[in-house]
Amino acid sequence: ADGTSNEPAAQEALVEAQARAAKAEEELQQARSAEDGFKDALQLAAQRLSVAEGQIEELQQARLAEDGLKEALQLAAQRLSGAEGQIEEFHSIRQKQEKEINEVRSREEELKEALNL
């Protein structure tokens, strides 16, 4: 063995190793690219989650405001109902007073006629 017979085999092994190294490098680049894509997708998902959380907060605030408006409307309806009752009561009082005034006027007319006789 003069050492030259292994040279073509060593050369072939070197070329094969270089080819495997190149393929491994390519696979590594693809994995890094996929990892970058995954990171981008995660960032986008995090942004969307943040937006959704903001929308949920706005909805909760809107519901609280809606509840407040409902309570205010119920209170206003109660006050309106009370006011309608008072109006009816005042109307009834006014009718009684008008009736009394008419009775007094009628009696007054009767008295005037009696005095004129």
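Scan the stretch 37-55 and give yes if some residue there is more than 20 Å from the chain's Cα centre (by Cα), of a type outside the set (A, V, I, L, M) and open to solvent by less than 90 Å² (accessible area, probe 1.4 Å), otherwise no. Yes; the residues of the stretch 37-55 include at least one that is more than 20 Å from the chain's Cα centre (by Cα), of a type outside the set (A, V, I, L, M) and open to solvent by less than 90 Å² (accessible area, probe 1.4 Å). So in the stretch 67-100, with the set limited to residues that are open to solvent by less than 90 Å² (accessible area, probe 1.4 Å) and among the acidic types (Asp, Glu), which one is nearest to the chain's Cα centre (by Cα)? Filtering first and then ranking leaves Asp67.
The values are calculated or read from the model by the stated rules, or taken from the named source; none is laboratory data. Just so it is clear, the model here is predicted, and its values are computed rather than measured. The accessibility values were calculated without ligands, DNA or RNA, using every heavy atom of the protein model including side chains. Shrake-Rupley method; radii C 1.70, N 1.55, O 1.52, S 1.80 Å.
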